[in-house]
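One structure is given below, encoded as structure tokens.
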Amino acid sequence: MNHKHTDLNRVHHINWSHGKTVLLLMTIPSFLFVLVFSYVPIFGWAYAFFDYSIGMKLSQCDFRGLYFIKLALSDTYLLGVLKNTLALSFLGLLNLPLACIFAIFLSQMKGRIYKKFIQSAATLPFFISWVIVFSMAYSLFAIDNGLVNKVLLDLNVISSPIDPIANGGFAWIFQTSLALWKGVGYNAIIFFAAIAGIDTQLYDAADVDGAGRFKKMWHVTIPGIIPTFITLMLIGIGFMLSNGFDQYYVFMNPMVQEKIEVLDYYVYKVGLMQNDVTVGTALSMTKTIVSVLLLFSVNFLSKKARGQSIL
Amino acid sequence: MKMKSAKIDENVFQVINTIAFTLILLVCLYPFYSILIISLSDAKLAAKYPVIFYPLGFTLKNYMEVIRLKGLYLAFAVSVARTVSGTAITLFFTSMLAYTLTKSELVGRKIFYRITVTSMYLNAGLIPWYLTMRNLHLKDNFLLYILPSAVSVFSMILIKTYIEQISPALEESALVDGAGYFTIFLRIVVPVSTPVLAAVTVFTAVGQWNTWMDNLLLVNNHNLTTLQLLLFNYLRQAEAIVSAAKSNGGNMLSTGYSISPFSIRMTVTMIVTLPILLVYPVVQKYFVSGIMLGAVKG
């Protein structure tokens, strides 16, 4: 008994001084990465308030206050960019209901092996980069070498080639379709998990009530996954201003620029291509602030309406 | 009678459902197949005729020519290097942070956690990030590929959630034996967390292999170009292909077997995609289970 007491004492002794230091030492390097690469750049927001050029020291620059911010936000071109950003984000939200439907109907399929194979295959597009997607789109839809054009022309379905990649009017549909091809399989995974989490007794009870397949879907499955759906939807709305740079950079060309130039691309264009660092910084800063406000608003609504926070 | 019609309804549904998903399957997989068969087709035939179901004039010459392209080997090596080292670094620092954040005796745990998680939505923006990377001398520096991503907050949360449901008895017995936290982390927590760590490895490795934006923005040194950016240059600029083809004395676009820019593009695409295709069947189950772990908890 005494022996055991001594052991615990020794454990406590290690815990309280040496152990705690070790724990802290283990945490700090990782935490430093977070600080340096996520928070230190925020200090860069200061550059938006000065007449800064790359290579100069901040102390050498004139303070300009809100000048560059006003300059950045008063450009009417920005309105078009915002329209594209919001439209494409909104269309992108289609990913969720489609992933839901995908998950619900695939889970109803008989034949476990085939079902798993389809799920794996549908998730594969998520794993490739947008550069590869562009290459595929190019090989299928290019106006000169594209497979679709070759076939349709050969079959005399069309008389002149179509060009989805350089078609402004079609751009939103085209880009959204690509994003759906790439993302639905992946998003469906979460819904598969949600469906698996539904209490099977609910289905049995529905059986007893004489419910058929679709009634069960409507009254048991869908209510079961709605919480997940809404959470993901709210997060999607919260991040509406960010579309991801990759997709739109890869597909950018003069014919579709008016339609797919999103905020992320615009910031890149202004700040790095046109070297307008101060305006670019002002844009970055504003985008983040608005995004955070949006996210908190959405979170607040979520708390009010569902009693659940999403953050 | 009702039973019989119900059964017919059921079969009809299954047939329609299966057909629909088979179509979806084809849509998902065909683009991959298309690139494959074009890359295995004779360049002249592929330029003239549509390559739909099988290679036309089956040949491996496209690959033999493409690997002679200036810069391809190097880009491949750079991509492999960043994938391997980046994933190792991310795994180590992210899981270590996940572990320490589960320990309530960590001084300042709440603050560390709050600040880390907040970084998921509070990001400085592209231009400030760019300026910071420059100031840190990460421009034209291989470390740019592996340091900024050293801690992935999303993965950290995934790992942390998993660790939290490991039986505390495991650690306690080690503590009694006099083991320190670091030893416990390496010898006990990591081996036990293999499922979630496998998922994070897959996620991280794929991310590393596919990332090219850092390359685009901050690296001008051609020796540090990644495979993705190389492919992108080939796709968007004919000149990039032409100049790369003039390698090892002799313009491959005009000697012997004449390969076309189109075939070059498709073959390089295949080379960039192949590692993922090869590894995917093996690792996708880890990935799916990882997402499900996170989904159920989060």
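Of the helices (runs of 4 or more DSSP H) that lie entirely inside the stretch B:134-248, those containing 1 or more residues that are among the acidic types (Asp, Glu) span B:153-164, B:168-176, B:213-218, B:238-245. Is it true that some residue in the stretch A:105-114 is modelled with pLDDT of 90 or more, closer than 30 Å to residue A:237 by Cα, among the hydrophobic types (A, V, I, L, M, F, W, C) and assigned by TED's automatic domain parsing to the domain that holds residue A:182? Yes, the conditions are met somewhere in the stretch A:105-114. In the set (1) in a helix (DSSP H, G or I); (2) within 12 Å of chain A (Cβ to nearest Cβ); (3) more than 21 Å from residue B:230 (Cβ to Cβ), the condition left unmet by residue B:38 is number (3). Of everything listed in (1) touching a residue at least 24 places away in the same chain (Cβ under 8 Å); (2) within 9 Å of chain B (Cβ to nearest Cβ); (3) more than 24 Å from the chain's Cα centre (by Cα), the single unmet condition for residue A:131 is (3).
Matching residues to (1) free of Cβ contacts under 8 Å to residues at least 40 places away in the same chain; (2) away from chain A (no Cβ under 12 Å); (3) buried (at least 18 other Cβ atoms within 10 Å of the Cβ); (4) touching an Asp or Glu at 6+ places or on another chain (Cβ under 7 Å):
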{"position": "B:82", "(1), (2), (3), (4)": "no, yes, yes, no"}
{"position": "B:87", "(1), (2), (3), (4)": "no, yes, yes, no"}
{"position": "B:105", "(1), (2), (3), (4)": "yes, no, no, no"}
{"position": "B:114", "(1), (2), (3), (4)": "yes, no, no, no"}
{"position": "B:165", "(1), (2), (3), (4)": "yes, yes, no, no"}
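Residue-level check: of (1) more than 11 Å from chain B (Cβ to nearest Cβ); (2) in contact with a Phe, Trp or Tyr (Cβ under 8 Å, 6 or more places away or on another chain); (3) free of Cβ contacts under 8 Å to residues at least 12 places away in the same chain, residue A:105 misses just (1). Where helices (runs of 4 or more DSSP H) fall wholly inside the stretch A:73-177, the ranges with 1 or more residues that are within 21 Å of residue A:249 (Cα to Cα) and of a type in the set (Ser, Thr, Tyr) are A:77-92, A:130-141. With respect to the conditions (1) farther than 30 Å from residue A:215 by Cα; (2) outside any loop (DSSP other than H, G, I, E, B); (3) more than 8 Å from every other protein chain (Cβ to nearest Cβ), residue B:58 lacks only one, and its number is (2).
When we screen A:294, A:263, A:272 for residues that are over 30 Å from residue A:133 (Cα atoms) and either in contact (Cβ under 8 Å) with a residue 24 or more places away in the chain or in contact with a Phe, Trp or Tyr (Cβ under 8 Å, 6 or more places away or on another chain) (or both), the only hit is A:294. Scanning the stretch A:1-38 for residues that are more than 7 Å from every other protein chain (Cβ to nearest Cβ) and either at pLDDT 80 or above or under 32 Å from the mean Cα position of the chain (by Cα) (or both) gives A:21, A:25, A:28, A:32, A:35, A:36.
The rows are residues; the columns are (1) more than 10 Å from chain B (Cβ to nearest Cβ); (2) under 30 Å from residue B:16 (Cα atoms); (3) in contact (Cβ under 8 Å) with a residue 12 or more places away in the chain.
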{"site": "A:95", "(1), (2), (3)": "yes, yes, yes"}
{"site": "A:138", "(1), (2), (3)": "no, no, yes"}
{"site": "A:143", "(1), (2), (3)": "yes, no, yes"}
{"site": "A:184", "(1), (2), (3)": "no, yes, yes"}
{"site": "A:192", "(1), (2), (3)": "no, yes, yes"}
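Every residue in the stretch A:118-128 that is over 17 Å from residue A:174 (Cα atoms) and at the interface with chain B (Cβ under 7 Å from one of its Cβ atoms), please. Within the stretch A:118-128, A:118, A:120, A:121, A:122, A:123, A:124, A:127, A:128 meet the criteria. Just wondering, is there one or more residues in the stretch B:167-184 that are under 27 Å from residue A:42 (Cα atoms), crowded, with 20+ Cβ neighbours inside 10 Å and not assigned by TED's automatic domain parsing to the domain that holds residue B:290? Checked against the condition, which is being under 27 Å from residue A:42 (Cα atoms), crowded, with 20+ Cβ neighbours inside 10 Å and not assigned by TED's automatic domain parsing to the domain that holds residue B:290, the stretch B:167-184 yields no hits at all.
When restricted to residues that are more than 14 Å from residue A:104 (Cβ to Cβ) and not in a helix (DSSP H, G or I), the stretch A:194-222 contains 5. In this structure, does residue B:231 turn out to be closer than 17 Å to residue A:132 by Cα and buried (at least 22 other Cβ atoms within 10 Å of the Cβ)? When the stated conditions are applied, residue B:231 passes them. The requirement of being modelled with pLDDT of 95 or more, farther than 26 Å from residue B:143 by Cα and small (Gly, Ala, Ser) is not satisfied by residue A:72. Only residues that are of a type in the set (Ser, Thr, Tyr) and touching a Pro at 6+ places or on another chain (Cβ under 8 Å) were counted in the stretch A:255-296, giving 2. When the stretch A:36-69 is filtered for residues that are free of Cβ contacts under 8 Å to residues at least 12 places away in the same chain and exposed (fewer than 12 other Cβ atoms within 10 Å of the Cβ), the ones remaining, listed by number, are A:55, A:57, A:59, A:60. Examine the stretch B:26-42 for a residue that is surrounded by 14 or more Cβ atoms within 10 Å (Cβ to Cβ), more than 23 Å from residue A:178 (Cβ to Cβ), in contact (Cβ under 8 Å) with a residue 24 or more places away in the chain and not assigned by TED's automatic domain parsing to the domain that holds residue B:205, and state whether such a residue exists. Within the stretch B:26-42, one or more residues are surrounded by 14 or more Cβ atoms within 10 Å (Cβ to Cβ), more than 23 Å from residue A:178 (Cβ to Cβ), in contact (Cβ under 8 Å) with a residue 24 or more places away in the chain and not assigned by TED's automatic domain parsing to the domain that holds residue B:205. The set of residues from the stretch B:187-218 being over 30 Å from residue A:245 (Cα atoms) and either assigned by TED's automatic domain parsing to the domain that holds residue B:279 or surrounded by 15 or more Cβ atoms within 10 Å (Cβ to Cβ) (or both) comprises B:188, B:189, B:190, B:192, B:193.
Per-residue answers, yes or no, for (1) over 21 Å from residue A:39 (Cβ atoms); (2) touching a Lys or Arg at 6+ places or on another chain (Cβ under 6 Å); (3) modelled with pLDDT of 95 or more:
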| site | (1), (2), (3) |
| --- | --- |
| B:80 | yes, no, yes |
| B:87 | yes, no, yes |
| B:103 | yes, no, no |
| B:124 | no, no, no |
| B:127 | no, no, no |
| B:132 | no, no, no |
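The values are calculated or read from the model by the stated rules, or taken from the named source; none is laboratory data. This structure is a prediction, so every number in the text was calculated from the model and none was measured. Backbone-built Cβ (ideal geometry, glycine too); neighbour counts: all protein chains shown.
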